[in-house]
């Protein structure tokens, strides 16, 4: 894993993505780098995870579903109805098979960047939060506050994002991945136990 690797990946992803997705991807990669510096995490791992987090995003939805089925990835009923939700699982798969990423920690961070999971690693949190706060984002509520929180307390920022996401999507299982709710429950309990 060296700088050349990242440079080559950037060129390849630029061909695979539309302009706005590529700009977002670079924003996430650089935000991952900033958070990695802040929390004393491996810079290259953070940048690689950020760069590859949406590598399956621009694939047509029908192809996402077909590829997930072909490679026996677990598909929930919600994902079957909304194949765009498969991009994180498929992204982890492609990162390994197409882009030769072997480190489970990076693959997991890509896999869980949309829903989170209980007991997230530092890299999981960095990618999840960077995806939400990168500079091109401008629609999410409380963005300025969350951006500040991200550099003072990662867990507070994570919980705020989960709270806002569930508030926006509502409690309907029709729109919310069960893992997002499980992640929220885990971190709200952890927060309450600390308080």
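What follows draws every value from the coordinates through simple rules; no lab data is involved. Keep in mind it's a predicted model, so treat the numbers as computed, not measured. Don't worry about glycine lacking a Cβ; one is built from the backbone with ideal geometry, like all the others, and counts go over all protein chains shown.
Worth a mention:
- Contour excess over end-to-end distance, with Cα ends at residue 7 and residue 30 and 0.36 nm allotted per residue: 7.0 nm
- Cα pair distances exceeding 23 angstrom across the stretch 3-140, given as percent: 28
- Counting neighbouring beta carbons within 10 Å and listing from fewest to most, the residues 38, 147, 111 come out as 38, 147, 111.
- Gain on full stretching of the segment that runs from residue 73 to residue 191 - 0.36 nm per residue minus C-alpha separation: 39.2 nm
- Neighbour counting of Cβ atoms within 10 Å sorts the residues 30, 187, fewest neighbours leading, into 30, 187.
- Counted by neighbouring Cβ atoms within 10 Å, the residues 181, 7, 63 run from fewest to most as 7, 63, 181.
- Normalised by the number of residues in the stretch 3-140, the average gap of Cα pairs under 8 Å and 6 or more apart makes the relative contact order 27 percent.
- Over the chain, DSSP H runs of length four or greater, each weighted -39,500 (n - 2.57), average out per residue to a 222 nm ellipticity of -21000 deg cm²/dmol.
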